[in-house]
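The values are calculated or read from the model by the stated rules, or taken from the named source; none is laboratory data. Keep in mind the model is a prediction, meaning the values are calculated, not measured. Every residue, glycine among them, receives a Cβ derived from its backbone with ideal geometry; neighbour counts consider all protein chains shown. The area values use the complete protein model at the heavy-atom level, side chains included, leaving out ligands, DNA and RNA. Shrake-Rupley method; radii C 1.70, N 1.55, O 1.52, S 1.80 Å.
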Amino acid sequence: MSAIPPAPAPASVVPDVLADFNALVDGCKRVNYQGHAFYHPVSKIKEWMLAGNNLGKLLARAYPNGFATTTAKDIQESVIVFAILLRLRCGDQIHIFQQYFKDSNLDASLPESLLSRLKGCQEVLEAFDKERWAFNPAKIEDMLNHSKAYTGGRWILPFCRRHRVGGGGTATVDGVNVPHDLVPEELKSTLLERDPKRGYEFDDRDFGLCYQFAVKSYSDENHSVFETEISNFNGIRGLAGVIACFGWYTEETLVEGERQTTHNILLEYGDQDLDEYLAINSPPILMSEIIDFWKNIFEVAATLNKFHTLPYERPDGSGVNFHGWHGDVKPSNILFAQGKFKLADFGFAKFEPKLPGKKPETSLDGVTLTYGAPECDPGRRREKTTTHQTQKIDTWSFGCLLSSVATWVVFGSDAYERQYPFFRKYAMEKLIHERKSDGGTFEEPKALDGFHDGCNVLQAVKTWHQYILDSTRRSDTVTRKVVKLIESHMLRSDPEERSSFEKLTEQLRSIIQNAKDKQNRLLPNDPELLKALLMLDDTAPPDVNLQARLTDKTVGHQPTGPGLQTKRPKKTERIEEMVVTTKVASRRKALESELLSQNQTYTPPCVIFEPIDGPSNSMITEAGEHEQDAPTSSTSPPPREWPPEMTPPATAVEEKIPAMMYSPEDLHESKFSSPRHAEKLPVVNEPPEVSETDKSLSPSQGRRLPATTHLRSPSQGQLSTSDYNRSRFSLPPALSTSTLASNIDDFSQYRIGQLRAELERQWSERGIFDKMRGKIPVDHVQANFVQGRDIKFVVDNGFRMLEHWTEAKFVLVTLAMKIGALDDDGLDLLFTRGGHKEQGIKGSQIRNKFEAAMDKVATLNSTQPSRSSTLLPTQMAGALRQVLKEYRKHPSKKLTMIILTTGMWEAEEDGSDDVEGLLAKEIGRLAEDPSFRRERRLTIEFVSFGEYPDGLKRLGSLDDHLSSKYGIP
């Protein structure tokens, strides 16, 4: 045998044990973030092969001519080795391989004796060497609480996603997602104990339920720092308030043919570090918010207090106390995880046994100079004015951190991120210049943006603190005291004058208690104010969506597979991206507690008022049913009378505009709005005349074919997905577009044209930085309804729809421009026939890509030899089946489908509506989940074109009868 035999022709494949085996293995196939396939659980494959006589049957298939010396008993310890060979269609080599490989040593090097025995079969050996790693992937359980070495450069890590989240001079930090069934139960139990609210879990839209971790990676050059951090993690195991370490591993990778070794720590994932947290949240305003925020920050001091005096139990049960130094307290080492600020990064931390009568002093390396104490500055260390540091270096660093946080609380993000550091740098450079001018020999501090001048606190810091004290609000009863504590007990040049963390913890606790006592003496806040502020906070984008947007960027190498390996931008670039409507720090917890103290509760709004300009008696209840009270005044508009020549069939779908897509100004006339709103635009009852010239133009020439088109707005209806919303807004009864070209002016007499003109104006008036970043305007009203949903446009490109292609293109692009900013991972566009689709279209690309896609499909359709329904069917059922099938696999994100169609798609042979049956089946299956109704997880909205009675009847049936006909809730 010199090569892997080719797969047999399909005609020769007979369903048997081998087919069952391949189907089982295919069902276990996974793909990691690098696009590498692997199989899980391998034990399932092995159990099936050993069950009954499956192994014997597989051997019979592998050796069709018989091979008496190889039996199922012979390969009991090499079952997976046999499975690998079967996948390679080389099962008849198991009698050789089982002599050298067992399932227990699949990661062993290829023996020289095997290489010699199969000399001339290099292709088989190479294929086996590659495939065996897929059947023996790295496992999370092998990493827990000890080091696992993955050498050789071929191991497949079980991470489905990986993205860069941070790093420094010695290590990088990546966020990784792991599917839930790849996380061992032992680790799941640990995570549940740490966070009963299951904050580590989330639904990934592609991979289902996942757990999120961080992987901190050290190069081989920094192996000693890695060993120090592992040792420190072992010492602080179980300590509350620190980022947890779950395990570690060493990995060899092949980079351009050379092996590179990294030493990795599997850590608890932090959503943001303190810098990022302050960038994506607004400072607290109310007294309760301010108190709660500072209380959370002060928990870091309590953690450092425990860190400084750490009890440790030896394996023999005896105990010993250690003095600890963190040595690198700074905002990037404070992570926000599971709703708490936690201490991280122990690569430069140090512990020494606590000895009676010995003052705790040590020598530390790696301190971040900006937040480092004066005695840690390299300039002084070279002068040998100090050689050891006390634990008070952490007090100084924490004082610098509190000084920066106080700046954010009083002045906001710009002062925190730019102004305060610039002021310190400006003062330091001026001081250095003055010292050099005086001929001084003392070496200047190495950190130009530090808080000291080499010996004492920088005068600019004192000036800034006074600026804070002069600017605090009356409601802020904490920040002033924090600033005074920083100056009197933390930023002191003499370490002996600084508070220990034991004392500091008590001082900070006293500040919080005094603030609470003062709050209790005041009149409580109006509960309606608290509820309104909480409701406003609910409209801000969730942190997870922001995180998704940030990690969507790729820097450096591009994703290599469906696992989406990405690298996040540098922190400064990420913070620039965070200029969005933000939540207020500590608002929810503080305000809900304050409401509870008044016997009040806040519930997220379950009643959503339609955004109608003018008096309205309609509302949408939580169940989604439309309710309308009887008119109470003459302000209600009279029912519209349809002109005889424009009256649609009785079964026609009524035009509707969902609140989630249109603002009041977008409505030509609303069924429930006031007369003054109806007067904004004249009702178009007569279609413009069509010239003979216009009638002769084809879509490819930029004009539409002659036909009266009934442009219909998307339906808010969910097609029985979640209590169909029957709110309706009528457009003019017939918007004839027979003379409409593809530019805005030709649509200007219709509301859709005026909406487009307004959108074009907004896009053109974007700031230069928004244009450079591709950002587009956000409709904050619609964000309340659409934010967080996956939006997919489905365009019918059957032959009848081609007659309305110009206006369909205009409507599609307009809708995409309006809501494009609300789908964090980009809009998707697909067509019912031809397989053409676009995915993840974002920002400034939306208009051009949607227009280009429509033009491309029109060009492809125009090349067909005939425009009959036989050659150009709609194929609506196939398109919807594809979307719903993908959604059913990973329904983690709510889905909105917007379908542009004539309603004229082909039915089944028996005359039944294939789309209707498909929706009944798929939505009925999804509706079995109680959250499906409650959370309105799926909405389907139609934009109809043309006056085709059969098409209108079909859409009307979907609109009105799907629920009653099929019993779907």
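Quick notes on this one:
- Within region 333-366, considering residues that are open to solvent by less than 30 Å² (accessible area, probe 1.4 Å) and not in a strand (DSSP E or B), the one farthest from residue 498 (Cα to Cα): 347
- Of all residues in region 157-170 being open to solvent by less than 40 Å² (accessible area, probe 1.4 Å) and farther than 17 Å from residue 260 by Cβ, the one that is modelled with the lowest pLDDT: 166
- Subset of region 378-432 that is hydroxyl-bearing (Ser, Thr, Tyr) and within 17 Å of residue 462 (Cβ to Cβ) - its residue that is modelled with the lowest pLDDT: 426
- Region 151-168, residues that are more than 18 Å from residue 183 (Cα to Cα) and in contact with a helix residue (DSSP H, G or I) (Cβ under 9 Å, 6 or more places away or on another chain): 154, 163, 164, 165, 166, 168
- Within region 197-222, residues that are closer than 28 Å to residue 885 by Cα and in a strand (DSSP E or B) sit with their Cβ atoms under 9 Å from residues that are among the small types (Gly, Ala, Ser) and open to solvent by less than 20 Å² (accessible area, probe 1.4 Å), at 6+ positions apart or across chains, in these pairs: 212/175.
- When residues of region 844-876 are limited to those that are surrounded by 14 or more Cβ atoms within 10 Å (Cβ to Cβ) and modelled with pLDDT under 60, the one farthest from residue 763 (Cα to Cα): 869
The rows are residues; the columns are (1) within 23 Å of residue 248 (Cα to Cα); (2) modelled with pLDDT of 90 or more; (3) of a type outside the set (S, T, N, Q).
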| position | (1), (2), (3) |
| --- | --- |
| 271 | yes, no, yes |
| 284 | no, yes, yes |
| 293 | no, yes, yes |
| 305 | no, yes, no |
| 318 | no, no, no |
| 336 | yes, yes, yes |
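- Number of the exception - residue 187 against (1) part of a helix (DSSP H, G or I); (2) open to solvent by 50 Å² or more (accessible area, probe 1.4 Å): (2)
- Single unsatisfied condition, residue 259 versus (1) touching a Gly at 6+ places or on another chain (Cβ under 8 Å); (2) open to solvent by less than 50 Å² (accessible area, probe 1.4 Å); (3) of a type outside the set (Asp, Glu); (4) over 30 Å from residue 371 (Cα atoms): (2)
- Residues in region 190-232 that are over 19 Å from residue 159 (Cβ atoms), buried (at least 19 other Cβ atoms within 10 Å of the Cβ) and either of a type in the set (D, E, K, R) or within 20 Å of the chain's Cα centre (by Cα) (or both): 229 only.
- Residues in region 104-117 include none that are buried (at least 19 other Cβ atoms within 10 Å of the Cβ) and over 30 Å from residue 365 (Cβ atoms).
- Scanning region 827-841 for residues that are modelled with pLDDT of 90 or more and either outside any strand (DSSP E or B) or under 14 Å from residue 798 (Cα atoms) (or both) yields 830, 831.
- Selection from region 504-524 of residues that are touching a residue at least 12 places away in the same chain (Cβ under 8 Å) and open to solvent by 50 Å² or more (accessible area, probe 1.4 Å): 509, 514, 516, 518, 522, 524
- Residue match in region 140-148 (condition: more than 30 Å from residue 191 (Cβ to Cβ), among the polar types (S, T, N, Q), at pLDDT below 85 and not in a loop (DSSP other than H, G, I, E, B)): no
- Here is the figure for region 792-808: residues that are of a type in the set (Asp, Glu), surrounded by fewer than 24 Cβ atoms within 10 Å (Cβ to Cβ) and within 24 Å of residue 839 (Cβ to Cβ) total 0.
- Lone unmet requirement of (1) over 33 Å from the mean Cα position of the chain (by Cα); (2) open to solvent by less than 50 Å² (accessible area, probe 1.4 Å) for residue 330: (1)
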